[in-house]
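Below: the structure, in structure tokens.
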Amino acid sequence: MKTATQSFINFLAAASEFVMAELYTITLVDGTVLRYTTFDQNLIVGGQTFLSGPPNFVRSEVEETLGISKVGTLILEIYANPTDLVEGVPILQKVARGDFDKAQVTVERLFMDENLVQKGSVIRFVGNIGDLDELGRVGASFTCKSKVEELSVPLPRKILQPTCVHTLFDAGCTLVKSSFGKNGIVQAGSTVNKLLTNLIDPDTYYDNGQLVFTSGTNEGHSVAVKKYASTIMNFAVPLPATPNAGDTFTAFPGCDKTQTTCTAKFANLANFGGFPYVPAPETAI
């Protein structure tokens with residue numbers, strides 16, 4: 001339900017002309033809050049500063065319905081220059097490395113009179129950034145889904161299944177991520193798709209794990225490791241830039257969520273969240 005002050009309602013009812021601006025608030029999963037506006041100058045709304053682009057935002061129409069039977073969607077496009085930085089990193093590079101994944105986005109429409117005196121705002125959309133549909137040198141496009149989507153979470157939360165329901169290093173797993181990080185050095189011959197390393201861990205140790213660069217052109221960038229064998233890491237998605245020999249990184253192992261891996265690789269059987277002895281559905285009586 002949308003709410004508004006009586007003075008705002010009176011203004012909309014009486015005004016023959018008014019000025020509108022859209023406000024975008026994006027909250028990343030690490031807690032960073034970004035605020036931008038489509039207006040041609042910065043705006044201070046509710047004590048918060050909304051920056052005028054670039055980056056520039058374009059969105060699809062918002063579909064509004066009564067009830068909660070349908071999950072609303074919004075296509076959000078961001079256009080930026082290499083010089084448009086967030087925390088010292090080009091915004092499109094942060095998109096490429098996944099920093100915008102699952103971020104919350106709020107779209108508001110601000111109303112002002114002809115003298116730019118703010119009269120009130122209306123929330124047009126609240127949801128989470130989902131799939132990255134397209135990423136280019138000047139822009140990115142996301143599909144955002146409204147908060148109604150969160151009502152579709154399966155219950156009970158803990159499902160009886162052979163594999164572990166926890167995510168490696170989360171509160172249920174209890175393992176401390178920093179304790180498993182191993183520092184390494186990039187070797188010659190590495191590309192944006194694979195990394196030659198000086199690590200000597202057994203094959204598959206870093207499968208489904210993560211690597212974070214600590215120096216070089218990719219410093220600060222984290223990437224998912226698809227496969228690790230013979231000291232070589234293959235990535236799920238290409239790196240933003242080709243790493244150089246001598247660049248440093250920290251690698252973290254992955255987990256296939258089986259009881260065997262939890263026991264032999266992590267010695268964490270006490271916190272294993274799976275039920276490996278549950279019979280298969282077709283054999284259960």
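Taking the range 206-243 as the search range and keeping residues that are touching a residue at least 60 places away in the same chain (Cβ under 8 Å) and buried (at least 17 other Cβ atoms within 10 Å of the Cβ), which one is nearest to V192 (Cα to Cα)?
P240
Give me a count of the residues in the range 210-234 that are not hydroxyl-bearing (S, T, Y) and not in a strand (DSSP E or B).
Number satisfying all stated conditions: 5.
Answer yes if at least one residue in the range 138-147 is outside the structural domain of D247 (by TED's automatic domain parsing) and assigned to a loop (DSSP other than H, G, I, E, B), and no otherwise.
Within the range 138-147, one or more residues are outside the structural domain of D247 (by TED's automatic domain parsing) and assigned to a loop (DSSP other than H, G, I, E, B).
When you go through D113, D131 one by one, which is the residue that is of a type outside the set (V, I, T), loosely packed, with under 15 Cβ neighbours inside 10 Å and more than 28 Å from L12 (Cα to Cα)? Even if it seems obvious, please write down each step before you answer.
Details: D113 fails: more than 28 Å from L12 (Cα to Cα).
One residue alone meets the criteria, D131.
For the range 235-251: of the residues being over 18 Å from the mean Cα position of the chain (by Cα) and part of a loop (DSSP other than H, G, I, E, B), which is nearest to G98 (Cα to Cα)?
Once the filter is applied, the top-ranked residue is A241.
When both residues are 6+ apart or on different chains and their Cβ atoms are under 9 Å apart, which pairs have a first residue that lies in the range 43-55 and is closer than 14 Å to I26 by Cα, and a second that is surrounded by fewer than 17 Cβ atoms within 10 Å (Cβ to Cβ) and small (G, A, S)?
So the pair list comes out as P55/G139.
Across the range 25-47, which residue is farthest from the chain's Cα centre (by Cα) among those that are crowded, with 17+ Cβ neighbours inside 10 Å and in a loop (DSSP other than H, G, I, E, B)?
F39
Run down L116, L132 and say which single residue is within 24 Å of L43 (Cβ to Cβ) and in the same structural domain as L74 (by TED's automatic domain parsing).
Just a single option satisfies the conditions, and that option is L116.
From the set of residues in the range 159-201 that are β-branched (V, I, T), in contact (Cβ under 8 Å) with a residue 60 or more places away in the chain and under 25 Å from K257 (Cα atoms), which is surrounded by the most Cβ atoms within 10 Å (Cβ to Cβ)?
It comes out as T163.
From (1) touching a residue at least 12 places away in the same chain (Cβ under 8 Å); (2) surrounded by fewer than 14 Cβ atoms within 10 Å (Cβ to Cβ); (3) of a type outside the set (D, E, K, R), pick out the condition that doesn't hold for T263.
The single condition T263 does not satisfy is (1).
Among the candidates E61, E22, single out the residue that is among the acidic types (D, E), outside any loop (DSSP other than H, G, I, E, B) and under 16 Å from F125 (Cα atoms).
Working: E61 fails: outside any loop (DSSP other than H, G, I, E, B).
Only one candidate qualifies: E22.
In the range 59-80, what count of residues is obtained for those that are surrounded by 15 or more Cβ atoms within 10 Å (Cβ to Cβ) and modelled with pLDDT of 80 or more?
Residues that pass the stated criteria total 8.
Checking T258 against (1) under 30 Å from P276 (Cβ atoms); (2) in contact (Cβ under 8 Å) with a residue 24 or more places away in the chain; (3) within 25 Å of the chain's Cα centre (by Cα): exactly one of these is not met. Which one?
Result: T258 passes all but (3).
Pick out the one residue from V95, V107, V89 that is of a type in the set (V, I, T) and under 21 Å from E22 (Cα atoms).
Exactly one residue qualifies, and that residue is V107.
Being outside the structural domain of E134 (by TED's automatic domain parsing) and out of contact with any strand residue (DSSP E or B) (no Cβ under 7 Å at 6 or more places or on another chain) is true for just one of A236, A245, A224, A264. Which residue is that? Break it down stepwise before answering.
Numbers: A236 fails: out of contact with any strand residue (DSSP E or B) (no Cβ under 7 Å at 6 or more places or on another chain); A245 fails: out of contact with any strand residue (DSSP E or B) (no Cβ under 7 Å at 6 or more places or on another chain); A224 fails: out of contact with any strand residue (DSSP E or B) (no Cβ under 7 Å at 6 or more places or on another chain).
Exactly one residue qualifies, and that residue is A264.
List the number of the failed condition for G88; all other conditions in (1) surrounded by fewer than 11 Cβ atoms within 10 Å (Cβ to Cβ); (2) more than 25 Å from the chain's Cα centre (by Cα) hold.
Every listed condition holds for G88 apart from (2).
Quick check on my filter: what residues within the range 95-128 are modelled with pLDDT of 85 or more and in a helix (DSSP H, G or I)?
V95
The values are calculated or read from the model by the stated rules, or taken from the named source; none is laboratory data. Keep in mind that what you see is a predicted model, and the values were worked out from it rather than measured. No Cβ is skipped: glycine too gets one built from the backbone with ideal geometry, and neighbour counts run over all protein chains shown.
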